[in-house]
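A.B. asks: Mind looking over this structure? Questions follow.
Readers should treat all values here as calculations from the given coordinates under stated rules, not as data from a laboratory. It should be emphasised that the depicted structure is a prediction, and the values quoted were computed from it without experimental measurement. Every residue, glycine among them, receives a Cβ derived from its backbone with ideal geometry; neighbour counts consider all protein chains shown.
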Amino acid sequence: MPMDEGDNTGRTMALIRAACSDCGDLELHSQDLTVRVCIQNRSSSYRFRCPMCDMIEVRSAEDHVVNALLAAGVRYTQWNLPAELAEAHVGEAITHDDVLDFHDLLTTKDWFGTLASMTRR
């Protein structure tokens, strides 16, 4: 990875090439990216905000890419899968009609009371 001359703190920063979905190829500094690793399944990605369109881009990354980014001084963070993935799912799947019925329920005056009475165990 090509190295930039440095920043105003006197540290040398790596110049990293990435691509925005809308704007195309970009050159970013190591401080502009974050490497993310999932604790449960060890899947890796990196993210950055496009300096041109301001959109956040997330890309999956193999180990060799993660290692190169970390060696270039990119920040590192770990994250957990949502706890909901481990919950037991019982009952029928929600259908499009269920969503429409719920929408209709929300238009009634006592929607909350009706909903609460439907969910009592």
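A.B. asks: In a GNM of the chain with a 10 Å cut-off on Cα contacts, which of Leu105, Leu70, Leu28 has the highest mean-square fluctuation?
C.D. replies: Result for the chain, Cα springs under 10 Å: Leu105 fluctuates most.
A.B. asks: Which residue, Val74, Val66, Val99, has the most motion in a Gaussian network model of the chain that connects Cα atoms within less than 10 Å?
C.D. replies: It is Val99.
A.B. asks: Nearest-5 percent of antiparallel DSSP beta bridges in the range 12-121? Don't skip to the end; give the middle numbers.
C.D. replies: Numbers: 16 of 21 bridges.
Around 75 percent antiparallel, to the nearest 5.
A.B. asks: What FRET efficiency, computed as 1/(1 + (r/R0)^6) with R0 = 35 Å and r the Cβ-Cβ distance, is obtained for Asp25 and Leu81, rounded to the nearest 0.05? Don't jump to the answer; show the numbers that get you there.
C.D. replies: Numbers: r = 32 Å, r/R0 = 0.92.
It comes to 0.65.
A.B. asks: For a quick check: with amide H placed at 1.01 Å from N, whose amide H comes under 5 Å from Arg75's, ignoring anything fewer than 5 positions away on the same chain?
C.D. replies: The list, which skips near neighbours in sequence, is Leu33, Val35.
A.B. asks: With a 10 Å cut-off between alpha carbons and a GNM built on the chain, which of Ala68, Ala88, Ala14 moves the most?
C.D. replies: Ala88
A.B. asks: Kindly give Rg over Rh for the chain, based on alpha-carbon atoms, with the Kirkwood expression for the hydrodynamic radius.
C.D. replies: Working: Rg = 22.8 Å, Rh = 18.5 Å.
Rg divided by Rh gives 1.23.
A.B. asks: Taking amide H atoms as placed 1.01 Å from N in the peptide plane, list the residues 5 or more away in sequence, or in a different chain, whose amide H sits under 5 Å from that of Leu28.
C.D. replies: Ile16, Arg17, Ala18
A.B. asks: Enumerate by residue number the GluC sites (Glu not before Pro) in the range 17-121 meeting two conditions: DSSP loop (anything except H, G, I, E, B), and at most 13 other Cβ atoms within 10 Å of the site's Cβ. Let's see the in-between values first.
C.D. replies: Details: sites: Glu27, Glu57, Glu62, Glu84, Glu87, Glu92; in loops: Glu62, Glu87, Glu92.
Qualifying residues, ordered by number: Glu62, Glu87, Glu92.
A.B. asks: At what distance in nm do the modelled label points of Asp110 and Ile56 sit from each other, each positioned 7 Å from its Cα along Cα→Cβ?
C.D. replies: 4.2
A.B. asks: Quantify how much of the Cα-Cα distance distribution of the range 15-82 extends past 18 Å, in percent. Spell out each step's value before the answer.
C.D. replies: On the way: 761 of 2278 pairs.
Summing the P(r) tail past 18 Å for the range 15-82 gives 33 percent.
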